[in-house]
Amino acid sequence: MNKSGTDIQFAICGSAGDGTIASGDIVKRAAAAVGFHVIAFDVYPPEIRGFGKCISRIRVSAEQAYSLKEKTDVFISLNDSHAIPHVGEVRDFGAVIYDDRSIAPIREGAHITAHIRPAQIPYGLPIRQISEQATNAARSRNIVVLGYMAGLLKLPSRPFREVIAAKFATKPQAVIDANIRAFDAGLEAGRKVFRLDDVDVGTVPDHGGSEAVMMTGNGAIVRGFLEAGIQSYFGYPITPATSIMERLAVEMPKQGGKFLQTEDEISAIAATIGAGFAGSRAATATSGPGLALMTEMLGLGVMAEVPSVVVVSQRGGPSTGLPTKTEQSDLNLAVFGGSGDAQRIVIAPTNVEGCYRCAGMAFEIAETYQTPVIVLIDLYLSNRYETVFPSHENTFAPKPRKVPELAEGEPYKRFAFTESHISPRALPGDAGMVHTVTGLEHNELGRPGDGDHMRMNAKRHEKLISATRYPGLTVAKRFGDAGKVDVGILGWGSTFGEILEAMFEAQDAGISCSAMKAVMLSPLPVDELRAFFDDCRTVLVPELNYEGQFANLVSGALGRPVVRLNRTVATPMPVADILAEVKRLAAEADSPERIPATAGVGS
Amino acid sequence: MTEPVHHVIIGSGSAGFGAARTLRENDADCRITMFTMDAIPFYQRYELPQIFRGRSDWRDLLAVPPSFYEDHRIDLRRRCRVADVDGANRKISLSHQETVAYDRLLVCAGGRGYLPENLTGYGELIHGFGSFEAAMQTYRDLPEGGRVVMIGGDMVGIDLALTLLDTGYGVTLITNSQTFWPHELGAEERAPLLDVLRARGVTVLEDARAVRVEARNGGAPARCVTLDDGAQVQGDVVMAFCGLASSVEFMLRAAVDIERGLLVNPQLRTTNETIWAAGDVCQIWHDSEKAYKFYHGWKNVRVMGELAARNMQGANEVFDVDVEESIGIGEDGEIVSTFWTRGN
Amino acid sequence: MNKRVEPVYLEDKLQEIRADGHLKYRSKSLPTWCPGCGYFSMADGLTVALNRLGLDNRNVVTVSGIGCASRFPFFVNTYGFHTLHGRVLPVATGIKIGNDALTVIAVGGDGDAFAIGGGHIPHAARRNVDMTYLVFDNGIYGLTKGQTSPTSALGFKTSSTPYENGDAPLNPMMMLLSYGASWVGQAYAGKPHHLTDMITAAIAHKGFSFLRILSPCVTFDKTDNTYKNLSMMVRDLPDGHDGTDMMAAMALAMQDGHPALGVFFQAERPTLAEVMQTSIDRAQQASAT
């Protein structure tokens, strides 16, 4: 990103119950309220109760940023035993804020001061004591530290107070007052401190009054769905998709939508397809294990040509895997999962704004192509916050349906062969077009039979080709240097933010490079990809899986070699890893011998 | 496998830093932990007047880059207040309730600026100079061309006063017995030195005692000092430079002998076999004078730290004064002192 | 075996049938069931029931899973969805939620319903989805040529239980009663007029209606559920059976060795659509204030 102006990453680390995520939420909302760009990602423990670790990381910048930074500028510990393993992420001359008292004796090395590196700046304050003095309770420690941080960095305090008041708006006034007192007490303490860090707060950017909305990827999915007039939703709880379901449960009935928690993922997709058959805008959301259960039903959706929308938020796998950690290892399942030649549409947004747009457009695409549409995201994208600028006019709302027209005496052919390979679809309730759809191979009328299998397969595949030209949908996009470059970075999904950051750094280092994001993963936008490969001496494909699933997909489809960069480290892709690989490839591109493409797994 | 010896050093000034470096040079395996109240790694406090010459980034004052500590495996624990030392069980307690065991302890806690008893009630109105942050705060609060009213005027203060004059500020000096501390001077030795200061532009008030400090809200200058004769002296900032008082309060349960400072033998060991001390915090037995004496000045302090470290590692060296403290007037008419780093 | 047996009743009653009008609910596809299969009487029963209820075929959806019974949608002239093995109920639930104006009839056999699809029945029942579930129970897997099913009797010999079935059979009537189905009835393919009445009543019921239809598999079961045996086993509902009395219904269901034919239990309670409408009303009220 552009290096000018504010670019601060905050991290707040504590135990479940410390209000870690809540205070992170206040930081991101306060920053967004005054017009900063925000990207944030919270890490939760898999356990609900107990004292699992929570970390909220928030990058606040004057210019659009694309991923979290690897180094944190301002780190707050609400629980030293959780924070100690992470304090190393604070950059040199960044700030570490912690409680310099403890309520009970602690063993040697258990205090964070034992782990703050000499180049990091320690800021200790009696957080608990200040909270108790201000509110008669230790509960507001998470608010005290926010006040302290605002005082220390001389941040404007009004947005914090407003966000705190809004956050506790449903609570009694006394609770709001107590939290404001806690904030002010921290603020006063922070203002007295002489700063030794070199965190540059910069100035608040002027966006000319445009309204940023802070949302997570899952929140953006929900907003897109609601604007598209979602009518039916069927879901089964699974991390990290659950919050989509929970939000829709609240919001859908307000606009007359029907929400049902089903007995499993099979029923969720079955009901989604059933509702789609009945003409309803229907969707479900799940993660990899749920998608595995859904694949048979997705095959039915392909075969019976019924629209449906499935959001898949990936987490670490296989099996139950790493339920609360991010990964990109369900691409194969999303693109290929199920029996037979069952091509479907898979779109993978790369940021929160993309989640909003893909979810908003997914129904129309599914209805146009009469097939399942998978919106493939991952935990990192589901849960990370970004500031987005939603459309002022709703472009996702359903357009009037065209009822097929039949000539007198002509039988209705649900699966008629047409030039576009898309057959006019009648819905139950339409007169004169009564028909049965089936998972059996069938003829144009929908009657079971093998005779047209080859032609029907072709129809089901070829009708999707034009989806890569779908109006208003970005299927692939190139960034960075135009024309011929030494290194091209090809990415998909949430990792593309890290790819862009790495690309900008590589450009700063004088490397000729550009990056392409592939949003449509099925069918592949082969023209765009081929043009990109033509321009790049080497193409690097970084992704968060072990096998290089996207690398396999692309190199197989284009017949071109790629260099893989695979990480399964339970965290987003480190920018430094991408950058190091780009530098290596650029250096080899400089040498007279071309580097051979890496075959197999890994790099 | 035996645990490496754990050396704990309290204090990160010249003595403590010199000791840590020496310990590591002599033993690659031992464990070294330094505790300091400071937020930033070791820097020369004697260089703090440089702030008024524009060196306001603390990183410019560092003796070694922060990476030095990691490279030499010295655990530098900043912002840690030692609350108590249990000499019998070889444990120190930190104010945040952490307990740390040591094999050998070196106390180099130095001293804090002494404030005359009659002024202790005005502490909040008196600017400090004991740390980088305090010095910076003074720098920020002092308007351009402003005046500092200095009480006492030990050698740190005199250094600052001269720097202030060089950089366009005014200084009013109210002398007392600690003027030119740690040099112990008679009246006839003092007079020419004060004349030098006057010649440089310092307003020197002798035979007067500051009895009250007041803030003048909203007014400029911001401070008013009342003298015992009722006269009032105005300035933007009031500072006291009256020598150091050893920081020993956390050693009261350590089972070591304490007078004004920690009492150590010429090998710098206290009366506890596993506790040594160096720098401004200790008084060293002077065999010929049959008395415990303080030795100040950065060179002496550094030598003490290094010597104590070697003795902790089994040597049996005796402290020999590196520099006899002296003050005088140089050929150029300026004050010269062994206390200052300048000219060395 | 290969000799074609013409369905006699079509020939005999052609006039009567045409006059009745229910033929318009029959599709142009000929059923693929074995001659003599009990499913013919069910298909006929459904078309008569739809005709009696005066339902417009464009507003009726027949949904099925996989199995002999699941071919049903192809043979009736309504909208149809032939889905996956075991998944008829969730798909049918989705269709009903997708368009509440539709009359949804789910059909399947005992394997589709109680084996692979067994997990879905309690949920469709407890939610009281306003639809009809017709389960054609012949105690065997017919489409895969004769394996044991969850309702096969103990000791039954099939290609998958060559040394006799040792798994205790399920009792579908007790299951559905305990699942909270708001209409639970039983019929027999060998009593087509009663069967037709029962299908009609099941469709007319507001809420989830479950009709178990006992049927022989004339091809793969020559010993147990034959017309002969079933005809001897079945009995009428006891006089004075109170269809609102769950205890009485349960007692009746427990006597599965002598299956009673009729409505075991029926109750009025809010359908899923009504519950959803309540949520919608509450949400809209809450957001209006």
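The values are calculated or read from the model by the stated rules, or taken from the named source; none is laboratory data. In this text, all values refer to a predicted model and were calculated from it rather than measured experimentally. Backbone-built Cβ (ideal geometry, glycine too); neighbour counts: all protein chains shown. The accessibility values were calculated without ligands, DNA or RNA, using every heavy atom of the protein model including side chains. Shrake-Rupley method; radii C 1.70, N 1.55, O 1.52, S 1.80 Å.
Normalised Debye scattering of the range C:63-152 at q = 0.12, 0.14, 0.18, 0.23 Å⁻¹ gives log10 I(q)/I(0) of -0.32, -0.44, -0.71, -1.10, counting only Cα atoms as equal scatterers and leaving out solvent. Coupling constants for the range C:184-189 follow from the phi torsions by the Karplus curve (6.51 cos²θ - 1.76 cosθ + 1.60, θ = phi - 60°), and in residue order they are 10, x, 9, 9, 9, 4 Hz; glycine and proline get x. Note on the range B:33-186: Kirkwood radius taken over Cα pairs, Stokes-Einstein applied at 4 °C and 1.567 mPa s, translational D equal to 72 µm² s⁻¹. Pairwise Cα separations in chain C fall into 10 Å bins from 0 onward with the following percentages, short to long: 6, 29, 36, 21, 6, 2, 0, 0.
Computed over the range C:115-208, the range of Cα coordinates on each principal axis works out to 45, 30, 21 Å, biggest value leading.
In this model, which of A:Lys53/A:Lys583; A:Lys69/A:Lys154; A:Lys459/C:Lys145 are farther than 26 Å apart at the alpha-carbon?
The pairs that break the limit, which is 26 Å between Cα atoms, are A:Lys53/A:Lys583; A:Lys459/C:Lys145.
Heavy-atom accessible surface of A:Lys258, to the nearest 10 Å², is about 50 Å², with a 1.4 Å probe and all protein chains retained. With the helix formula -39500 (n - 2.57) applied to DSSP H stretches of n ≥ 4, chain B reaches a computed 222 nm mean residue ellipticity of -6000 deg cm²/dmol. Counting every pair of alpha carbons in the range A:123-213, the share spaced more than 21 Å apart comes to 36 percent. A cut-off of 5 Å between modelled amide H atoms, ignoring neighbours fewer than 5 places along the same chain, links A:Ser287 with A:Ser313.
Only helices enter this figure: runs of n ≥ 4 DSSP H residues, each worth -39500 (n - 2.57), summed and divided by the residues of chain A, yield -10500 deg cm²/dmol at 222 nm to the nearest 500. Amide H to amide H under 5 Å from C:Val76: which residues, 5+ apart in sequence or cross-chain, H placed 1.01 Å off N in plane? Amide H neighbours of C:Val76: C:Ser27. For chain B, dividing the convex hull volume of the Cα atoms by the residue count gives 149 Å³ per residue.
Quick one: Debye curve from the alpha-carbon atoms of the range A:7-191 only, equal weights, vacuum; give me log10 I(q)/I(0) at q = 0.14, 0.19 Å⁻¹ to two decimals. Debye curve over Cα of the range A:7-191, log10 I(q)/I(0) at q = 0.14, 0.19 Å⁻¹: -0.72, -1.39.
Quick note on the range A:312-441: its Rg to Rh ratio, both from C-alpha atoms and Rh being the Kirkwood radius, is 1.07.
Direction-averaged projected area, Cα convex hull, the range A:477-590: 6.2 nm², rounded to one decimal.
A cut-off of 5 Å between modelled amide H atoms, ignoring neighbours fewer than 5 places along the same chain, links C:Ser160 with C:Thr148.
Sum -39500 (n - 2.57) across every DSSP H segment of at least 4 residues in chain C, then divide by the residue count to get the 222 nm mean residue ellipticity, nearest 500. Write out the running numbers ahead of the final one.
Working: 10 runs with 99 residues, N = 289.
Helix-only estimate at 222 nm: -10000 deg cm²/dmol.
Computed with every protein chain present, the accessible area of B:Arg200 is close to 70 Å² [probe 1.4 Å].
The protein assembly as shown: D in µm²/s via Stokes-Einstein (Kirkwood Rh, Cα pairs, 25 °C, 0.890 mPa s)?
67
In the range B:25-75 the Cα-Cα distances spread across 5 Å bins starting at 0 as 4, 16, 24, 21, 14, 11, 5, 3, 0 percent of all pairs. Panel note: the C-alpha atoms of the range C:18-110, placed on their principal axes, show extents of 35, 29, 19 Å (largest first). Given chain A, report the % of alpha carbon pairs whose separation exceeds 36 Å. For chain A, the fraction of Cα-Cα distances above 36 Å is 41 percent.
For A:Lys258, which lysines qualify as cross-link partners when the Cα separation must be under 27 Å and same-chain residues fewer than eight apart are set aside? Cross-link targets: A:Lys399, A:Lys402, C:Lys96, C:Lys206. Think of each Lys and Arg Cβ as +1 and each Asp and Glu Cβ as -1; about the Cα centre, that makes the dipole of the protein assembly as shown roughly 3460 debye.
Which percent of the Cα-Cα distances in the range A:168-223 go past 15 Å? Percentage above 15 Å: 75.
Across every pair of non-identical alpha carbons in the range A:419-545, the mean reciprocal distance, once inverted, gives a Kirkwood radius of 17.8 Å.
Here each label is just a point 7 Å from Cα along the line to Cβ, and for B:Ala208 and B:Arg59 those points are 4.4 nm apart.
Accessible surface of C:Asp56, taken over heavy atoms with a 1.4 Å probe and every protein chain present, rounds to 70 Å².
Heavy atoms of chains C and A lose about 3200 Å² of accessible surface on contact, summed over both sides with a 1.4 Å probe. Both radii come from the Cα set of the range B:115-242: Rg as radius of gyration, Rh as Kirkwood radius; their ratio Rg/Rh reads 0.93. Take the Cβ atoms of A:Ala580 and C:Glu16, set R0 to 60 Å, and the FRET efficiency comes out at 0.10. Cross-link reach is defined here as a Cα-Cα straight distance under 18 Å, omitting same-chain residues fewer than 8 places apart; for A:Lys477 the lysines meeting it are A:Lys517.
Grouping the Cα pair distances of the range A:214-388 into 5 Å bins from zero gives a pair-distance distribution of 2, 10, 21, 25, 23, 14, 5, 1, 0 percent in increasing distance order.
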